[in-house]
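The values are calculated or read from the model by the stated rules, or taken from the named source; none is laboratory data. On a predicted model such as this, the values are computed, not experimentally measured, just so you know. Note: ideal-geometry Cβ built from the backbone for every residue, glycine included; neighbour counts use all protein chains shown. What goes into the accessible areas is simple: the full protein's heavy atoms, side chains included, and nothing from ligands, DNA or RNA. Shrake-Rupley method; radii C 1.70, N 1.55, O 1.52, S 1.80 Å.
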Amino acid sequence: MSTVLVVEDSVTQREMITDLLKGSGLTVTVANDGVEALEKIQDHRPDLVVLDIVMPRMNGYEVCRRLKADPKTQNVPVVMCSSKGEEFDRYWGMKQGADAYIAKPFQPKELIGTVKQLLRG
């Protein structure tokens, strides 16, 4: 079974995403911000990361850059999931190495479909 790390500082969003992913048969771990996410990833590498962008301590762009720069984690797919939905935000997210970019509010089907597709990858 695949493990997904959900990195989201909003409790409501984090719980919603976690419930959606668990409901489709995935194991989910969570982190409240970028620093905690990097610590968790070092301890136990997930199969995929769902990453918010605007967070305290370290933003999602920085987390993504660090994951993609590290040979141990560079192949872990990253789905950026953010309220920053402008074309530039999407472009910048992909430029940091994200494998997919979903703007909030999103359709549950869109998130699940994207995650499942990348896990099959």
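In the stretch 1-86, which GluC sites (Glu not before Pro) fall in coil by DSSP and have 14 or fewer other Cβ atoms within 10 Å?
Numbers: sites: E8, E15, E36, E39, E62, E86; in loops: E8, E86.
Qualifying residues, ordered by number: E86.
Provide the per residue accessible area, probe 1.4 Å, for the chain, rounded to a whole number of square angstrom. All intermediate terms of the calculation are to be shown ahead of the outcome.
Numbers: 6320 Å² over 121 residues.
For the chain, the solvent-accessible area averages 52 Å² per residue.
Based on alpha-carbon centroids, what's the gap between the stretch 7-50 and the stretch 70-94 in Å, whole number please?
What the calculation gives is 15 Å, centre to centre.
Can you pull out the trypsin sites (Lys or Arg not before Pro) in the stretch 4-107 that DSSP calls coil and that have at most 11 other Cβ atoms within 10 Å?
Numbers: sites: R14, K22, K40, R57, R65, R66, K68, K72, K84, R90, K95; in loops: R57, K72, K84.
Here the trypsin sites (Lys or Arg not before Pro) that fit, given the DSSP loop and packing criteria, are K72.
When N counts the residues of the chain, how does its alpha-carbon radius of gyration compare numerically with 2.2 N^0.38 Å, as a ratio?
Ratio of Rg to 2.2 N^0.38 Å for the chain: 0.93.
For the chain, set up a GNM with springs between Cα atoms under 10 Å and report which of V63, V11, V30 has the largest fluctuation.
Of V63, V11, V30, the most mobile in the Gaussian network model is V11.
What net charge do the residues around E62 carry, taking every other residue with its C-beta under 15 Å from that of E62, with Lys and Arg at +1 and Asp and Glu at -1?
-1
Considering only protein heavy atoms and a probe of 1.4 Å, how much of the accessible area of the stretch 1-95 is carbon and sulfur, as a whole percent?
Answer for the stretch 1-95: carbon and sulfur cover 50 percent of the accessible area.
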